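A.B. asks: Got a structure for you, written out below as C-alpha cells; questions coming shortly.
The values are calculated or read from the model by the stated rules, or taken from the named source; none is laboratory data. In this text the structure is predicted, and so the values were computed from the model without any measurement. Here Cβ is always computed from backbone atoms with ideal geometry, including for glycine, and neighbour counts include all displayed protein chains.
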Amino acid sequence: MVVVRMDQVLAVEVAGLHIPDAGPVFFAALAVHVLAGGAAVVSGALAATAAKRPGRHPRAGTVYLYAISAVFGTASVLAALRWRQDWHLFVIACVACGLAWFGRSARRRGRGGWMAWHGGAMAGSYAALFTGFYVDNGPQLPLWDRLPHLTYWLLPAAVALPLTWRALRRNGAMAGGSVGDRQEIAEERLDS
C-alpha cells in the first residue's frame with residue numbers, strides 16, 4: 001500500500017487503483033461496496049443467462065436485488081463523505097437501484113406487458129451498475145484510460161441496449177418476437 005497525493009487529496013494505492021484517503025468509515029463502506037458490487041455483477045449475469053422460469057432466474061434475481069440495494073446504501077455513505085467528488089456516483093446508484101426495484105415490481109404485479117417492463121428495467125439497472133464502475137474507475141484501468149471520458153458513461157448502455165432488445169424479442173416480451181420463440185417458451189413452461 002502506497003500513499004500518494006492526487007490533486008491535494010491524499011490517496012492510497014491498492015492494486016494500481018488510487019483510493020481517496022477519506023477515513024476509516026469511507027474505507028469500511030468501500031469494502032462492503034466492492035463486495036456488494038461483485039455480488040451484483042455475478043448474480044445479475046446468472047439471472048440474465050438463466051431460463052426465464054422458476055429456479056435459477058428468480059433466485060439469482062433476488063440476490064441481485066439485495067446486492068444492488070447494498071451498492072446503493074454504500075454509495076450513499078461514500079457520496080455523503082465526499083459529496084463534491086462523488087455526487088454523480090450517488091445519482092447512478094439511485095438509477096440502478098430504482099430500476100431494479102421497478103423491475104421486481106413489474107414482475108410481481110404481472111400486468112400486461114410485464115415481461116418487457118421487467119426485462120428492460122433489470123437490464124437498465126445492470127447497465128447503470130457498470131456505468132458507475134467505469135465512470136469511477138475507467139481512468140485508472142489499462143486500455144480504458146485511453147478512452148474519452150464520455151465512453152465511460154455511454155458504453156455500458158450501448159452494449160446493453162441491443163442485447164436487451166434481442167432478449168426481449170426472443171422471450172416474446174415484445175411484439176415481433178418469433179412464433180418459434182414464443183412456442184419454445186410455452187413448451188419450457190409446460191415442462192417445469
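A.B. asks: Among the numbered conditions (1) in contact (Cβ under 8 Å) with a residue 40 or more places away in the chain; (2) in a helix (DSSP H, G or I); (3) surrounded by fewer than 16 Cβ atoms within 10 Å (Cβ to Cβ), tell me where GLY119 comes up short.
C.D. replies: The failed condition is (3).
A.B. asks: Restricting to the range 47-63, name every residue that is free of Cβ contacts under 8 Å to residues at least 60 places away in the same chain, within 14 Å of the chain's Cα centre (by Cα) and surrounded by 16 or more Cβ atoms within 10 Å (Cβ to Cβ).
C.D. replies: Hits for the range 47-63 are ALA60, VAL63.
A.B. asks: Still on this structure: Assuming LEU129 fulfils every condition listed in (1) crowded, with 21+ Cβ neighbours inside 10 Å; (2) more than 13 Å from the chain's Cα centre (by Cα) apart from one, which condition is it?
C.D. replies: (2)
A.B. asks: A further question on this structure: Hey, can you tell me all the residues within the range 123-156 that are in a loop (DSSP other than H, G, I, E, B) and within 26 Å of SER43 (Cβ to Cβ)?
C.D. replies: LEU141
A.B. asks: Cβ-Cβ below 9 Å, separation at least six or inter-chain, first residue in the range 103-116 and on the phi < 0 side of the Ramachandran plot, second exposed (fewer than 11 other Cβ atoms within 10 Å of the Cβ) and of a type in the set (D, E, K, R): which pairs?
C.D. replies: TRP114/ARG108
Conditions tested, residue by residue: (1) over 23 Å from ALA51 (Cβ atoms); (2) in contact with a strand residue (DSSP E or B) (Cβ under 9 Å, 6 or more places away or on another chain); (3) at pLDDT 90 or above.
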{"site": "GLY103", "(1), (2), (3)": "no, no, yes"}
{"site": "GLY132", "(1), (2), (3)": "yes, no, yes"}
{"site": "ALA157", "(1), (2), (3)": "yes, no, yes"}
{"site": "ALA175", "(1), (2), (3)": "no, no, no"}
{"site": "VAL179", "(1), (2), (3)": "no, no, no"}
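A.B. asks: Ok, one more. Taking ALA93 as the residue in question, decide whether it is without any contact (Cβ under 8 Å) to a residue 40 or more places away in the chain, among the hydrophobic types (A, V, I, L, M, F, W, C) and closer than 20 Å to ASN171 by Cα. Give the steps one after another, and end with the answer.
C.D. replies: Details: without any contact (Cβ under 8 Å) to a residue 40 or more places away in the chain: yes; among the hydrophobic types (A, V, I, L, M, F, W, C): yes; closer than 20 Å to ASN171 by Cα: no.
Taking the combined requirement at face value, the residue does not satisfy it.
A.B. asks: Let me ask another. Can you name every residue in the range 1-43 that is buried (at least 16 other Cβ atoms within 10 Å of the Cβ), modelled with pLDDT of 90 or more, under 17 Å from TYR134 (Cα atoms) and not aliphatic (A, V, I, L, M)?
C.D. replies: Scanning the range 1-43 gives HIS33, GLY37.
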